[in-house]
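Peer 1: One structure coming up, written as structure tokens, with questions to follow.
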Amino acid sequence: MNLKRRIYSAVAVAATLALGCSIATAQNYPTKPVSLVVPFAAGGPTDIVARNLAAAMSKTLGQSVIVENKAGAGGTLAPAYVAKAAPDGYTFLIHHNGMSTAPALYRKLSYNPLTDFETVGLVVDVPMTMIARSDFPAADFKEMVAYVKKNKDKMNLANAGLGAASHLCGLLFMSAIETDLTTVPFKGTADAMNALLGKQVDLLCDQTTNTTGQIKANSVKAYAVTSSARVPTLPGLPTTAEAGLPGFQVGVWHGIYAPKGTPKAAIDRLVAALQAGAKDPDFVRRMSDLGASIYPADTMTPAAHAALLKSEIDKWGPIIRKAGAYAD
Ligand code: ASP
């Protein structure tokens, strides 16, 4: 065989193998457990959504979905890891608003949320609650704000790092009450909640997926929900607007991402498993108990998710730049 013919036949063999592989991917995928990476600590709000979703999706995928916590750096370590993972359909990321705020918050970010991932679909939207240690000396939201303003040099506000939903909520709170507080970052709000329960920190704004149980058990003091309407599972809590701060609203949307280049067959299979999993009665009950709203099935798609991500990046960029909150 001359050199030219040898190259042609090598190319032909490679093309046949590649075609064979993609057909195998489409027909058999997944043939082993799938990993769902969570950017925050185990036991926190993102982790709770991920673990419930993983259990529901495992049923339809016919393979385990294993939750892996890669916590740290305000939720930016996990996307950095998934952006570089093999795009083979076996590694996915679940993340929230943090995906849209990191580009403005971090001067150096090793990934681009818009170009380094395939979007898979939206999952749930979760309201946040403004809570304090159980012995906080304020009976309602107004008193809490007055106390915080008066004692601002002694107050601290916990969060899950720069770019976490708790950090964004804290920024909005401080801007709404025109008062800066000392912030204390943790690897997730599971840890921040432990510090609040131990009275090592004073205040926390966190998602109902993490706070509902503690609020109902009266282990923390709750002052308001950050949604436009009251949360049915916490009917006694006023909205921030009812409590006098209409500009202080935040909802936490979650989506699933795959590394860029993940085969379409795998994404399609995952979208179907996400849409079916979201109807799973256990998942539906758990999310409703925790005050989370499941996205409609037609937004559990790559296109709807990509559109929301883009609009959120466009929304948060100017707010963050104006607030001057940056990390290196
Ligand atoms: N999602 C939470 C936050 O952004 C952190 C966590 O899940 O632990 O504050």
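The values are calculated or read from the model by the stated rules, or taken from the named source; none is laboratory data. Because the structure is a prediction, the values reported are computed rather than measured. So basically every Cβ, Gly included, is an ideal-geometry build from the backbone, and we count neighbours across all protein chains shown. Remember, those area values only see protein heavy atoms, side chains included, never the ligands or the DNA or RNA. Shrake-Rupley method; radii C 1.70, N 1.55, O 1.52, S 1.80 Å.
Peer 1: What is the number of the single condition among (1) within 9 Å of the ligand (Cβ to nearest atom); (2) closer than 21 Å to Asp280 by Cα that Pro39 does not meet?
Peer 2: (2)
Peer 1: Of all residues in the stretch 187-209, which are within 11 Å of the ligand (Cβ to nearest atom), open to solvent by less than 20 Å² (accessible area, probe 1.4 Å) and assigned to a helix (DSSP H, G or I)?
Peer 2: Thr189, Ala190, Ala192, Met193, Thr209
Peer 1: Of all residues in the stretch 282-304, which are closer than 22 Å to Thr208 by Cα, in contact (Cβ under 8 Å) with a residue 60 or more places away in the chain and not β-branched (Val, Ile, Thr)?
Peer 2: Asp282, Phe283, Arg286, Met287, Asp289, Leu290, Gly291, Ala292, Ser293, Tyr295, Met300
Peer 1: For the stretch 301-309, check the following and say yes or no: at least one residue is modelled with pLDDT under 95, loosely packed, with under 15 Cβ neighbours inside 10 Å and among the small types (Gly, Ala, Ser).
Peer 2: No, the stretch 301-309 has no match at all.
Peer 1: Additional query: Which residues, counting only those in the stretch 216-244, are within 16 Å of the ligand (Cβ to nearest atom) and either assigned to a strand (DSSP E or B) or not polar (S, T, N, Q) (or both)?
Peer 2: Val220, Val225
Peer 1: Given the conditions (1) open to solvent by 50 Å² or more (accessible area, probe 1.4 Å); (2) touching a residue at least 12 places away in the same chain (Cβ under 8 Å); (3) touching an Asp or Glu at 6+ places or on another chain (Cβ under 9 Å), report the number of the one that Thr262 does not fulfil.
Peer 2: Exception for Thr262: condition (1).
Peer 1: Against the definition (touching a Phe, Trp or Tyr at 6+ places or on another chain (Cβ under 9 Å), open to solvent by 10 Å² or more (accessible area, probe 1.4 Å), over 16 Å from Gly255 (Cα atoms) and modelled with pLDDT under 95), how does Ala73 come out, yes or no?
Peer 2: Yes: the conditions hold for Ala73.
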